[in-house]
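Derivation of every value follows stated rules applied to the coordinates shown; laboratory data play no part. Because the structure is predicted, anything quoted here is derived from the model rather than measured. Positions of Cβ are generated from backbone atoms using ideal geometry, with glycine treated the same way; all protein chains shown enter the neighbour counts.
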Amino acid sequence: MKIMAGGARQLLAKRSRRRARRVCVFASLLFSFTAILPGPVPAQALYKYRNENGELIFSDRPPDKGVADEVRTLPVAAGKGTFFVSAADAGRQVRFIAENSYHLPIEIRLRFSRFENLVRPENFDDLRWVVMPRQTTELMRLDKVEGGAPAIEFKYEYIAGDPRAEHRPTSSYRVPFSSATRFPITQAYPDIITHAAPDSRHAVDIAMPVGTDIFAARGGIVFDVSSDNFEGGLDPVRNGPTANVVQILHDDGTYAVYAHLNWNSIRVRPGERVVRGQYIADSGNTGFSSGPHLHFAVLKNAGMRTESVPVEFQGADFSVVVPISGLELTAY
C-alpha cells in the first residue's frame with residue numbers, strides 16, 4: 001500500500017493595516033499540510049550599544065555605525081500545540097487518525113489527490129470532522145478493494161474552533177487594560193479601511209504605550225501563546241509572523257486574540273484557565289506594526305473560515321460601550 005501525506009506547511013492568514021498611525025498583522029489558526037516539514041524557528045538577536053549621544057540602546061537591529069557592545073541570542077518558546085493526521089494499514093482497511101494537542105477543538109477538512117483501490121467514503125469531496133481538545137481520534141476506516149494494492153495521496157487543512165460555536169457572552173467584555181485609565185480606539189467597526197477581512201472586520205485597535213498592563217477581557221482557557229518575538233516594523237514579510245499574541249478560548253467556543261504584545265511579558269501559558277480581569281501580558285509593538293497598540297478581536301470558526309464577531313465593553317455603572325474609531329475607551 002502506498003500512502004503519501006503528513007508533514008506541515010503553515011499558512012498564515014495575514015491582515016495588513018496600512019493606516020498612517022497603526023499597522024498590524026497577526027495569524028489565525030488555518031493550516032494546510034503537504035509533504036513538507038517546517039524548518040526550525042530562527043533565533044532572534046538583541047543588540048546592546050550606545051548611540052552617538054551616549055544613550056544606551058537595546059534593539060533588534062545592529063547599530064548603523066560601529067559594533068554592538070553586546071549581542072544576546074533570545075530564547076525561542078516551546079510548547080506550541082500541534083495537529084497531525086496519519087493513515088495506516090489495518091489489515092483489510094486503512095485507518096485515518098487525527099492527533100490534536102491544542103487546548104481547543106479543531107475542525108479538519110481532508111481531500112484526496114490520489115485514491116485507488118479503496119471504497120469511497122460518503123461526502124468524498126468534502127470530508128470534515130471536529131477533533132476535541134487534547135485527543136487522538138479515529139476519523140474513518142476505508143475498506144480495501146479486492147485485487148489491487150491501495151494507493152492514496154491526501155492533503156488536509158485545519159482551523160481553530162468548533163463550527164457549531166455561537167457567540168453568547170454572559171456580560172459585556174471588560175476593557176483589557178487597568179481600571180481608571182483610558183486610551184483611544186484607532187480603528188473599529190464600521191471603520192474597516194484596514195479591517196476589511198472577515199477575521200478582522202470587528203477587531204478593535206487601541207493605541208497605548210509599550211508596557212501597558214493587559215488584562216483578560218473574558219475568562220477562558222489559553223490555547224496559544226507567542227512570547228519570544230522582539231521585532232516590530234513595516235516589512236510584512238519579515239515582521240508579519242513576529243507578533244506576540246495570547247489566544248483564549250471562551251466557554252461558548254469563541255476565542256479572543258490579544259496581539260502585538262511586548263517581548264517576554266506574557267504571564268500565561270497554554271492550558272491555563274484565566275478569569276476575567278486577570279493580568280496576562282504587557283502591550284507592545286511586535287509584528288507588522290507602525291506604532292505601539294493592542295489589537296483585540298473575538299473570533300469564531302464559521303465552517304473552515306475564521307470570522308470576527310461584534311463586541312461590547314463594560315462602561316461606568318455596568319453600561320454598554322460600543323467601540324468606535326476615535327473613542328477614548330475607559331476601563332472600569
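Count Lys and Arg as plus one, Asp and Glu as minus one, and take only other residues whose Cβ is under 14 Å from that of ALA281; the net charge is then -3.
Among the GluC sites (Glu not before Pro) in region 138-207, those placed in a DSSP loop whose Cβ has at most 15 other Cβ atoms within 10 Å are GLU146, GLU166.
Does region 182-330 come out rounded, prolate or oblate by the C-alpha gyration tensor, with a ≥ b ≥ c the root eigenvalues, rounded set by a/c under 1.5 and, if not, prolate when a/b is larger than b/c and oblate if not?
rounded
Between TYR255, SER325, ALA203, the Cα set farthest toward the positive side of the dipole of region 182-330 (charges on each charged residue's Cβ, about the Cα centre) is that of TYR255. Separation of region 166-236 from region 273-306 is 5 Å, based on Cα centroids. Give the aspartates and glutamates whose C-alpha is closer than 17 Å to that of LYS300, dropping any in the same chain fewer than 8 places away, or say none. Result set, ordered by chain and number: GLU107, GLU157, ASP162, GLU166, ASP199, ASP224, ASP251, ASP252, GLU312. Restricting region 138-240 to trypsin sites (Lys or Arg not before Pro) that sit in a DSSP loop and have at most 15 other Cβ atoms within 10 Å of their own Cβ leaves ARG164. Each Lys and Arg adds +1 at its Cβ and each Asp and Glu adds -1 at its Cβ; summed about the Cα centre, region 182-330 shows a dipole of about 180 debye.
Applied to region 269-283, the Karplus parametrisation 6.51 cos²θ - 1.76 cosθ + 1.60 on θ = phi - 60° returns per-residue 3J(HN,Hα) values of 9, x, x, 7, 8, 10, 10, 3, x, 7, 5, 10, 5, 10, 5 Hz, with x for Gly and Pro. Subtracting the Cα-Cα distance of GLU116 and ASN53 from 0.36 nm times their residue separation leaves 15.6 nm of extension gain. For LYS48, the aspartates and glutamates whose Cα comes closer than 12 Å to its Cα, not counting residues fewer than 8 places off in the same chain, are ASP60, ASP69, GLU70.
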